[in-house]
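A quick write-up on the structure given underneath.
Bear in mind these aren't lab numbers, they're just calculated from the coordinates by the rules spelled out. As the structure is a prediction and not an experimental result, all values here were calculated from the model. Heads up, the Cβs are rebuilt from the backbone with ideal geometry, glycines too, and the neighbour counts pull from every protein chain shown.
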Amino acid sequence: MEVIIHLVVTACEFMGITVVIISTMGAFYLYLKSLIKRQEEDIKFRLANGLALSLEFKMAAEILKTVLVRDMEELVVLGTVIILRALLSFLIHFEMKQDRREEKE
């Protein structure tokens with residue numbers, strides 16, 4: 001069971017990293033395209049959405065790691081990482097909502 005959990009954790013972390021890379025490259029491509037065509041694109045929202053999704057994958061990996069915790073010190077570190085990632089995810093979603101509100105006004 002421990003080997004399977006390690007594989008799933010590694011897969012979740014890899015998916016999170018992949019989403020960050022693809023989101024960043026896509027946002028940069030849109031930025032360059034908007035410079036050339038002089039069209040306004042919603043680059044910030046797309047990038048923030050990708051980063052939020054990647055944080056969800058990374059948080060899933062951290063939650064799965066709690067199954068493998070052997071002592072209290074590891075649990076404290078994992079708990080701290082989970083709280084920080086949840087806070088980052090919340091802040092990204094909050095900023096995305098604020099940007100949408102400003103666009104509507």
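Just need the relative contact order of segment 2-104 here, percent rounded to a whole number, with Cα pairs under 8 Å and 6+ apart.
Working: 79 pairs, mean separation 34.0, N = 103.
Computed over segment 2-104, the figure is 33 percent.
Using helices alone, I'd like the mean residue ellipticity at 222 nm for the chain: each DSSP H run of four-plus residues gives -39500 (n - 2.57), total over residue count, nearest 500.
Numbers: 3 runs with 92 residues, N = 105.
Taking each H run of at least 4 residues, the total per residue is -31500 deg cm²/dmol.
Take the Cβ-Cβ distance between Glu95 and Met1 as r, set R0 to 35 Å, and report the resulting FRET efficiency rounded to the nearest 0.05.
On the way: r = 39 Å, r/R0 = 1.11.
With a Förster radius of 35 Å, E is 0.35.
What distance in nm separates the two pseudo spin-label positions at Glu74 and Leu88, each 7 Å out from Cα along the beta-carbon direction?
Label-label distance for Glu74 and Leu88, simple model: 2.2 nm.
Which loop-located GluC sites (Glu not before Pro) does segment 24-100 contain, where loop means any DSSP state but H, G, I, E or B and the Cβ has at most 11 other Cβ atoms within 10 Å? Don't skip to the end; give the middle numbers.
Values: sites: Glu40, Glu41, Glu56, Glu62, Glu73, Glu74, Glu95; in loops: Glu40, Glu41.
Hits after loop and neighbour filter: Glu40.
Filter the trypsin sites (Lys or Arg not before Pro) in segment 44-100 down to the DSSP loop ones having no more than 16 other Cβ atoms within 10 Å, then list what survives. Could you put the intermediate results ahead of the total?
On the way: sites: Lys44, Arg46, Lys58, Lys65, Arg70, Arg85, Lys97, Arg100; in loops: Arg70.
Qualifying residues, ordered by number: Arg70.
Take the Cα coordinates of the chain, assign each an equal point scatterer, and use the Debye formula without solvent to give log10 I(q)/I(0) at q = 0.10, 0.13, 0.16 Å⁻¹.
Calculated log10 I(q)/I(0) at the listed q: -0.39, -0.59, -0.78.
Any chance you could run the full-extension gain for Val8 through Val81? It's 0.36 nm times the residue separation minus the Cα-Cα distance, nm to one decimal.
Details: separation 73, 0.36 × 73 = 26.28 nm, distance 1.82 nm.
Gain on extension, Val8 to Val81, equals 24.5 nm.
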